[in-house]
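The values are calculated or read from the model by the stated rules, or taken from the named source; none is laboratory data. Note that the structure is a prediction, hence the values are computed from the model and not measured. Because the Cβ atoms are built from the backbone with ideal geometry, glycine has one as well, and the counts that use them run over all protein chains shown.
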Amino acid sequence: MYRQALGVVTDTEYIVLTPDVTPPPPPPTETCSVLFTVVDELGNPLEGATVNLNGESGTTDDQGTLLFTDIALKTYDWSVSLTGYAFQSGQVECTETINYEIPVTLITVIPWVLPASLIVGLFLFILGSKN
């Protein structure tokens, strides 16, 4: 609470009135929290995964988790990526002032690299079969 001075001038004197002025309370802010838990196919936590939630980003800790707090109530796009794993994305609808939990399982990407000897062998096989 604070006081605001108000001056009043009469014919003979100057009077200062200081009524109590209480500012209105701020409007209630409704927010939610979103907790991401990122694991691999075996359920092992993945540290260092990049999590994006509607433009905000961070990385998961050693438990594979990342918490976003004070999120306004609405629908958000999210994505999770980590080198060597397939990209995941989705949406979360924050409609209540609660903690939302998003479990994410990233699938390992196996690069298809053929050894040079196999490529040369196939090439020679194809050439030899034409004669």
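Data for the structure
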item	result
Filtered residues of region 39-53 (kept if on the phi < 0 side of the Ramachandran plot and over 12 Å from the mean Cα position of the chain (by Cα))	V39, D40, E41, L42, N44, P45, L46, E47
Qualifying positions in region 68-88 - assigned to a strand (DSSP E or B) and either in contact (Cβ under 8 Å) with a residue 60 or more places away in the chain or not polar (S, T, N, Q) (or both)	F68, D70, I71, A72, Y76, D77, W78, V80, Y85
Some residue of region 59-67 being under 10 Å from the mean Cα position of the chain (by Cα), at positive phi and without any contact (Cβ under 8 Å) to a residue 24 or more places away in the chain	no
Among (1) in contact with a Gly (Cβ under 8 Å, 6 or more places away or on another chain); (2) modelled with pLDDT of 90 or more - the single one G64 does not satisfy	(1)
3 or more residues modelled with pLDDT under 65, over 30 Å from F68 (Cβ atoms) and among the hydrophobic types (A, V, I, L, M, F, W, C): qualifying strands (runs of 3 or more DSSP E) within region 5-45	6-9, 14-17
Residue within region 89-97 that is free of Cβ contacts under 8 Å to residues at least 12 places away in the same chain and either among the aromatic types (F, W, Y) or surrounded by 13 or more Cβ atoms within 10 Å (Cβ to Cβ) (or both) present	no
Of residues in region 100-131 being part of a loop (DSSP other than H, G, I, E, B) and modelled with pLDDT of 75 or more, the one surrounded by the most Cβ atoms within 10 Å (Cβ to Cβ)	L106
